[in-house]
Structures are given as structure tokens and as C-alpha cells.
Amino acid sequence: GFKKSEVFFDREVPIPGYYRPQKFWDVVVMRDGKLIAAVELKSQSGSFGNNFNNRTEEVIGVSRDFWIAYRERALGVSDAPWLGYFFFLEDSPASDRVVSLAGSPLPPMAVFQNTSYLRRYEILCERLMLERDYTAAALVVSDKKTASVRDGGVSVGAMKFFSSLYAHLAAR
């Protein structure tokens with residue numbers, strides 16, 4: 001039931017932040033001048049090691065900035081907007097092989113032992129929802145050569161993501 005004029009893509013509508021003046025989201029849904037939903041789209045192909053840490057820090061910081069701005073009434077809405085994180089990951093041997101962890105007197109949580117970057121992104125998406133940083137998060141993996149696409153985990157699949165978004169929009 002949303003009109004084309006209520007859905008914005010690719011930097012059309014910046015959203016106020018708390019730690020910074022504005023953030024451009026990839027998809028923004030507005031109705032009657034009110035923010036209804038925002039979606040962040042990210043991807044990664046190759047260079048998994050350092051990029052995983054950068055993407056993790058970025059996605060957590062973005063949600064924190066958003067939700068504090070919401071709390072401080074910078075978004076001009078009282079009903080909580082729907083916030084989504086949709087991540088595309090290259091399906092490759094490098095993203096799917098188990099990665100070693102650095103030795104430390106403070107070992108990582110057990111859930112990260114013997115994991116691939118694919119599994120680590122799945123854990124990230126699960127925890128983003130668990131901690132209510134994002135209303136929904138999806139992890140989709142795609143093979144560059146064949147262009148095949150599949151969900152990166154049962155709990156973070158695209159259908160769950162879009163069903164959650166649809167339910168939120170339908171209620172508005």
C-alpha cells in the first residue's frame with residue numbers, strides 16, 4: 001500500500017543521527033513525513049579477515065547512532081521505525097573455510113571457535129536481532145561465477161527479513 005513517492009533509494013533521504021548530523025540509508029520508507037523503515041545494504045567479496053571486523057564495527061555503530069537519535073526524538077516519530085540490515089557475502093572457499101583465531105590470555109567466546117567468515121556473519125546477524133540493534137537482519141551468499149544465491153543461515157534468511165518488513169509496512 002505504499003506509493004512510489006514514499007519509498008526512497010540510494011541517498012535520497014538522509015536520516016538524522018546522534019553522533020553525526022545525518023546518515024544516508026540505502027532504502028528509506030516514509031509516510032506523511034514520518035520515518036517508517038530504513039534498510040542498510042552491505043556486501044563483501046574477498047579480503048574477509050580485516051573487512052569482517054570493519055563491517056562488524058560499522059553495523060553496530062550505525063544502529064547505536066540511529067536508536068539514540070530515535071530516543072532523543074531527532075527522527076520525529078514516536079512509533080519505533082523498522083530497521084533492517086541486509087548483507088551479501090561472496091560464496092567462495094575463502095568465506096566458507098574455518099579461520100584460526102589469534103592466541104590470547106582472553107580467549108574469544110566459544111561460539112566463535114572453529115568458524116568460517118560465513119558462520120561469523122551469521123552469528124553477527126543473529127546477535128544484531130537478539131540485541132534489538134536491528135528489527136531484522138539477512139545474510140545472503142552469492143557465487144560470482146554462477147550468480148547462484150542462497151541464504152547464509154536459517155535464522156537470518158531473506159524470506160524472514162522480507163516477511164518482517166512486510167508485516168511492519170502492512171500495519172502502517
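Close amide-amide hydrogen proximity is noted between Lys23 and Ile15, Gly17, each under 5 Å apart and 5 or more residues distant or on a separate chain (H modeled in the peptide plane; Pro and chain starts excluded). Distance between the modelled labels on Ala158 and Ile60, one decimal in nanometres: 2.9 nm (7 Å Cα→Cβ projection). Taking every alpha-carbon pair under 8 Å whose residues sit at least 6 apart, segment 6-73 reaches a relative contact order of 28 percent.
Measuring nothing but protein heavy atoms, the accessible surface of the chain at 1.4 Å probe radius is 55 percent carbon and sulfur. Rounded to the nearest 10 degrees, the inclination of helix 117-130 to the longest alpha-carbon principal axis of the chain is 40 degrees.
Length gained on full extension, Val149 to Glu6, computed as 0.36 nm times the residue gap minus the Cα-Cα distance: 48.6 nm. Computed with a 1.4 Å probe over protein heavy atoms only, the accessible surface of segment 67-139 comes to 54 Å² per residue. Per-peptide packing, taken as the mean over residues of other Cβ atoms within 10 Å, places 29-42, 70-83 in the sequence 29-42, 70-83 from highest down. Shown in residue order for segment 75-80 are the 3J(HN,Hα) couplings computed by the Karplus curve 6.51 cos²θ - 1.76 cosθ + 1.60 at θ = phi - 60°: 8, x, 9, 9, 6, 4 Hz (x for Gly and Pro). Can you tell me the orientation of helix 48-71 relative to the chain, as the angle in degrees between its alpha-carbon axis and the longest Cα principal axis, to the nearest 10? That works out to roughly 30 degrees. Each label was represented as a point 7 Å from its Cα along the Cα-to-Cβ direction; for Asn53 and Ile68 these points are 2.3 nm apart.
The Cα-based radius of gyration and maximum Cα-Cα distance (Dmax) for the chain are 17.1, 55 Å.
Here the Karplus curve 6.51 cos²θ - 1.76 cosθ + 1.60, taken at θ = phi - 60°, turns the phi angles of segment 20-25 into couplings of 9, x, 8, 9, 8, 9 Hz, with x standing for Gly and Pro. Simple spin-label estimate for Ala110 and Val98 gives 1.6 nm between the two label positions (7 Å along the Cα-to-Cβ direction from each Cα).
The values are calculated or read from the model by the stated rules, or taken from the named source; none is laboratory data. Predicted model only: the values in this text are computed from it and were never measured. Neighbour counts run over all protein chains shown; Cβ positions are idealised from the backbone, glycine included. Ligands, DNA and RNA are stripped out before the accessible areas are found, and what is left, the full protein with its side chains, is counted by its heavy atoms. Shrake-Rupley method; radii C 1.70, N 1.55, O 1.52, S 1.80 Å.
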